[in-house]
Each structure stands twice: as C-alpha cells, then as structure tokens.
Amino acid sequence: MKIGKYEIKHSIIQGGMGVGISWDKLAGTVSSEGGLGVVSGVGTGYYQNKEYAKKLAKEKPVDAVNFYSKDGLTAIIKNARKLCGDAPLACNVLYASNDYGRIVEDACEAGADIIITGAGIPTNMPEFTKNYPDVALIPIVSSARALKLICKKWKRYGKLPDAVIVEGPLSGGHQGFSYDDCFKEEFQLENIILPVIEEAKNWGSMPIIAAGGIWDKTDIDK
C-alpha cells in the first residue's frame with residue numbers, strides 16, 4: 001500500500017490508542033514488521049512515569065500543557081525509531097486536542113512520516129504541515145459526506161488526503177456516531193465504507209482503510 005511517498009509492506013495499520021498504549025514499543029514494533037505503526041499524541045506527559053511533564057499536582061500533569069508534552073512526544077518517536085529505523089511511522093493527533101496545530105507540527109518536527117487525525121473533521125489539517133511537504137495526511141471519517149467536505153476544504157491548500165480511514169461504530173474512542181446509531185445496520189462498517197470509496201473516486205486515487213472492530217485475520221479477511 002502506498003500512502004504519499006511511503007510504501008507500507010503489509011496493508012495493516014495499528015490503531016492509535018492514547019495514554020500509554022500506542023507509544024514507542026508498540027508503534028515501533030509494528031513498523032519494524034512491515035505494517036504501519038502509529039504513535040498516539042495523547043497524554044505524552046505521562047510517558048516514562050511523567051518524566052517529561054514540567055508541572056505535577058497530586059502526581060498528575062497539570063493542565064493541557066503538561067498532559068501533552070512536546071518533549072515526551074519527541075522522545076516517544078525517537079525511541080520508536082530505534083525499533084523501526086527508517087520504516088514509515090505515523091502519529092495520531094486528535095482534532096479535539098487543545099492546540100491541535102502545535103501537536104501536529106511537533107510530530108512532524110520529531111520525525112513522523114504520516115499524520116492521522118480524527119475526533120472531528122480536520123478541515124484545516126494541511127495548514128500545519130505546509131513546512132513538511134513529505135508528511136502524508138490521513139483524515140478519519142465515518143461518512144462519504146465528511147470526506148467530501150474535507151476534500152472541498154483542502155482544495156484551498158492545494159492538497160488532498162493521501163489516504164482515508166473509515167471508522168465504523170465498533171471502534172473505540174472518538175466516533176462520528178450517536179450511541180443509538182452504533183446499533184443501526186446502515187452505520188455498520190461494511191455499509192459505510194462503500195459510499196466513501198465511491199466519493200473518493202471523485203477526488204483521484206487514495207487508499208481507503210477500514211477501521212473499527214478489526215482484531216484478527218478473520219476480521220481482516222471479512
């Protein structure tokens with residue numbers, strides 16, 4: 001699978017799971033094995049027992065500026081590189097994050113090859129990577145309508161998504177569904193992905209990546 005200028009040997013992308021799960025060891029190992037490892041940009045002030053949080057209160061990082069630590073994210077990506085070398089490595093940055101743009105820029109500066117963003121519709125995502133033209137951009141959507149809106153907004157930056165993740169209601173974390181919608185047949189992954197594929201054809205060629213409830217080879221085959 002080709003995402004921007006990067007070749008992913010095995011078309012398997014590890015999900016971005018925040019606060020200590022998708023950090024250096026998991027992401028670096030996945031990339032070293034030929035998949036795409038994804039470092040989470042959430043809660044990096046907790047990395048290595050809060051070593052990179054500059055201010056603590058009751059043993060917790062204080063405020064958003066310490067919950068997210070640039071130094072922590074940089075160390076995570078650096079340590080992931082010790083495992084995967086020059087293999088493609090991604091960073092997941094929630095659009096709902098405080099100071100989203102700064103986190104994206106920090107990830108690029110630290111050496112992330114690919115930025116993945118969900119938890120909102122990242123209509124201005126390319127604004128923060130303009131100084132890093134080789135960094136590939138992947139928005140997460142839950143409908144063809146969301147992809148269409150992103151592509152229309154990104155045109156002003158002269159940019160289109162390098163790939164798109166379609167996230168169904170079996171995913172964890174931030175979703176584009178209400179609780180009740182999660183149980184409706186029309187919102188299941190196998191039903192929302194086809195309209196996204198059709199919408200993507202209107203904007204050129206980009207990989208469409210299925211996400212949410214995919215755990216093993218049986219799910220992948222399905």
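Scanning the range 41-76 for residues being under 19 Å from the mean Cα position of the chain (by Cα) and on the phi > 0 side of the Ramachandran plot gives a total of 1.
Considering the range 1-16 alone, what residues qualify as being part of a loop (DSSP other than H, G, I, E, B) and out of contact with any Ser or Thr (no Cβ under 6 Å at 6 or more places or on another chain)?
Initially, the range 1-16 is screened for residues part of a loop (DSSP other than H, G, I, E, B), giving 1, 4-5, 8-12, 14-16.
If the condition is that a residue be part of a loop (DSSP other than H, G, I, E, B) and out of contact with any Ser or Thr (no Cβ under 6 Å at 6 or more places or on another chain), then Gly4, Lys5, Ile8, Lys9, His10, Ser11, Ile12, Gln14, Gly15 are the ones that fit.
Is it fair to say Ile209 is closer than 14 Å to Ser143 by Cβ and modelled with pLDDT of 90 or more?
Values: closer than 14 Å to Ser143 by Cβ: no; modelled with pLDDT of 90 or more: yes.
In short, no.
In the range 193-210, what residues are within 11 Å of Glu167 (Cβ to Cβ) and touching a helix residue (DSSP H, G or I) at 6+ places or on another chain (Cβ under 8 Å)? Within the range 193-210, Val196, Ala210 qualify. From the list Ser22, Ser31, the lone residue that is buried (at least 17 other Cβ atoms within 10 Å of the Cβ), assigned to a loop (DSSP other than H, G, I, E, B) and within 15 Å of the chain's Cα centre (by Cα) is Ser22.
The number of residues in the range 79-122 that are charged (D, E, K, R) and under 23 Å from Lys55 (Cβ atoms) comes to 5.
Go through the residues of the range 172-184 one by one and say whether even a single one is outside any helix (DSSP H, G or I), among the aromatic types (Phe, Trp, Tyr) and either in contact with a Gly (Cβ under 9 Å, 6 or more places away or on another chain) or surrounded by 14 or more Cβ atoms within 10 Å (Cβ to Cβ) (or both). So that I can check it myself, show each step before the final result.
If we filter the range 172-184 for residues that are outside any helix (DSSP H, G or I), which is where we start, we get 172-179, 184.
Narrowing further to those that are among the aromatic types (Phe, Trp, Tyr): 177, 179.
This time we only want the ones that are either in contact with a Gly (Cβ under 9 Å, 6 or more places away or on another chain) or surrounded by 14 or more Cβ atoms within 10 Å (Cβ to Cβ) (or both), so: 177.
The answer is yes; a qualifying residue exists.
Check Pro195, Pro133, Pro169, Pro207 and return the single one that is open to solvent by less than 70 Å² (accessible area, probe 1.4 Å) and either closer than 19 Å to Val104 by Cβ or more than 19 Å from the chain's Cα centre (by Cα) (or both). Before the answer, list the steps.
Numbers: Pro133 fails: open to solvent by less than 70 Å² (accessible area, probe 1.4 Å); Pro169 fails: either closer than 19 Å to Val104 by Cβ or more than 19 Å from the chain's Cα centre (by Cα) (or both); Pro207 fails: either closer than 19 Å to Val104 by Cβ or more than 19 Å from the chain's Cα centre (by Cα) (or both).
Step by step, each of Pro195, Pro133, Pro169, Pro207 is checked, and only Pro195 is open to solvent by less than 70 Å² (accessible area, probe 1.4 Å) and either closer than 19 Å to Val104 by Cβ or more than 19 Å from the chain's Cα centre (by Cα) (or both).
When we screen Pro161, Pro122 for residues that are part of a loop (DSSP other than H, G, I, E, B), more than 18 Å from Leu194 (Cβ to Cβ) and open to solvent by less than 30 Å² (accessible area, probe 1.4 Å), the only hit is Pro122. In the set Cys151, Cys182, only one residue is at pLDDT below 95, farther than 19 Å from Ile13 by Cβ and of a type outside the set (A, V, I, L, M); that residue is Cys182. Close Cβ contacts (under 9 Å, 6 or more residues apart or on different chains) running from residues in the range 36-52 that are among the β-branched types (Val, Ile, Thr) to residues that are open to solvent by 10 Å² or more (accessible area, probe 1.4 Å) and in a strand (DSSP E or B) comprise Val38/Ile13; Val38/Asn92; Val39/Asn92; Val42/Asn92. Within the range 70-119, the residues that satisfy the criterion of being open to solvent by 10 Å² or more (accessible area, probe 1.4 Å) and polar (S, T, N, Q) are Thr74, Asn79, Asn92, Ser97, Asn98.
The values are calculated or read from the model by the stated rules, or taken from the named source; none is laboratory data. These numbers come from a predicted model, not from an experiment. Reconstructed Cβ throughout: ideal geometry from the backbone, glycine too, with neighbour counts over all protein chains shown. What goes into the accessible areas is simple: the full protein's heavy atoms, side chains included, and nothing from ligands, DNA or RNA. Shrake-Rupley method; radii C 1.70, N 1.55, O 1.52, S 1.80 Å.
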